[in-house]
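Have a look at the structure below, then the notes.
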Amino acid sequence: MKVVVANAEVQDMVVVMKEGATQAQVDAVVAQLHEMGFDVHRAAGANRTVIGAVGAGHGDPALIGVRDGVHEVLRISEPYKLASRSFQRENTVITIGDVRIGGDEVVVMAGPCSAESPEQVEATAVAVKRAGAKVFRGGAFKPRSSPYSFQGLGETGLRMLSEAADRHDLKLITEVMEIAQIPVVEQFAHILQVGARNMQNYSLLRELGRVRTPVLLKRGMSATIEEWLMSAEYILSGGNMNVMLCERGIRTFESYTRNTLDISAIPVVQQLSHLPVISDPSHGTGRRDKVAAMARASVAAGADGLLVEVHCDPDHAVSDGAQSLFPKQFEQLMGELRIIAPAIGRSICVEPVARRGWGR
């Protein structure tokens, strides 16, 4: 038994139980941590029970180290506790039905920026399903820089997206912008998206910590990696451990592209955190002709998934048409990703079903 705690100062820690530790021994450790004032969380462990203790705890952590069944007690030095590799060494895999995000397969989420009409939503759902996407993306509540821009169709759009996803056996990801929207969006979506503008909306993040629907947290356009992980910590600390991080480009001095997609953030975050990392090359570039290249690079860098905008008629889209792929372009991209993924020990959706007569 090893105790890596030198003093009685208050500190967040990870308690690793011995292999074969009994449930009674685990329960006793949890009870003592609660008595000390810690918030207690269980981490995924291959062979051992791992317990995270965070918050304003008091008392001597060494007392935990000498309890029966305890293998070691480790201090968590990172400011983000539950998101860190110190808390959980194994990668988090988020399971939604038959979709596993963070595992060996690169999961592709694709669809229009906004739901515009039943015909547009249906045509796009058909296209992305046939090409191999597992998750249908689309906006019903849209945060726009201008109050005069299209703001989305609200619940009507949600129903369109949900019905199309169900018809084609796709999971649905859509954005939630405020606390009041959570109950209605949760009725329809399998993944709740937090946009870049809301990355530091801590009230919203706290509330999302109380639900158990998976959350995709986009990086703020001027956020550091540590700030991004600290925002994820708000959700995790509430008990919702189904969080994935989305790199969607940051604001730099470069104006040729809409944002600068920080591909280096993918391996950096994967070293620091156990949470799945998704890349959004559509918002990351804002240019249709650059999306595929950045998607390929993201998969090569180790991204666990992609979030790609696809529209059946992007030249007439009401929002973000310039960065949306035509279905034929998305089909070609998926074929390219099937070549890249195995080179780094990953897989992507099996060959799609027959497809004919799609747009450009």
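Please determine, by comparing only the residues of the range 268-288 that are more than 18 Å from residue 174 (Cα to Cα) and hydrophobic (A, V, I, L, M, F, W, C), which one is nearest to the chain's Cα centre (by Cα). Filtering the range 268-288 for residues that are more than 18 Å from residue 174 (Cα to Cα) and hydrophobic (A, V, I, L, M, F, W, C), the one nearest to the chain's Cα centre (by Cα) comes out as 275. Among the residues of the range 49-67, is there at least one that is modelled with pLDDT of 90 or more and surrounded by 13 or more Cβ atoms within 10 Å (Cβ to Cβ)? There is at least one residue in the range 49-67 that is modelled with pLDDT of 90 or more and surrounded by 13 or more Cβ atoms within 10 Å (Cβ to Cβ). Of the candidates 268, 299, 350, the single residue that is at pLDDT below 95 and more than 30 Å from residue 153 (Cβ to Cβ) is 350.
Considering 251, 219, 197, the condition of being touching a residue at least 40 places away in the same chain (Cβ under 8 Å), farther than 24 Å from residue 41 by Cβ and not aliphatic (A, V, I, L, M) is satisfied by 197 alone. The residue pairs whose first member lies in the range 103-130 and is in the same structural domain as residue 337 (by TED's automatic domain parsing), whose second member is assigned to a helix (DSSP H, G or I) and not aliphatic (A, V, I, L, M), and whose beta carbons are closer than 6 Å, counting only pairs six or more residues apart or on different chains, are 111/124; 112/124; 115/157; 127/327. Every residue in the range 295-311 that is surrounded by fewer than 23 Cβ atoms within 10 Å (Cβ to Cβ) and either of a type in the set (A, V, I, L, M, F, W, C) or in a loop (DSSP other than H, G, I, E, B) (or both), please. Within the range 295-311, 297, 300, 301, 302 qualify. Among the conditions (1) β-branched (Val, Ile, Thr); (2) modelled with pLDDT of 95 or more; (3) within 24 Å of residue 146 (Cβ to Cβ), residue 257 misses just one, which is (2). Every condition in (1) surrounded by 18 or more Cβ atoms within 10 Å (Cβ to Cβ); (2) modelled with pLDDT of 75 or more; (3) not small (Gly, Ala, Ser) is met by residue 5 except one, and the failing one is (2). Checked against (1) surrounded by fewer than 23 Cβ atoms within 10 Å (Cβ to Cβ); (2) modelled with pLDDT of 95 or more; (3) part of a helix (DSSP H, G or I), residue 121 passes all but condition (1). The C-beta contact set for the range 321-338 (first residue closer than 19 Å to residue 258 by Cα, second residue among the aromatic types (Phe, Trp, Tyr) and in a helix (DSSP H, G or I), distance under 9 angstrom, 6+ apart or interchain) is empty. Restricting attention to the range 201-255 and to residues that are in a loop (DSSP other than H, G, I, E, B) and small (Gly, Ala, Ser), the residue that is nearest to residue 189 (Cα to Cα) turns out to be 209.
The values are calculated or read from the model by the stated rules, or taken from the named source; none is laboratory data. For clarity, every value in this text was computed on a predicted model and none was experimentally measured. With ideal geometry, Cβ positions are generated from the backbone for all residues, glycine too; neighbour counts draw on all protein chains shown.
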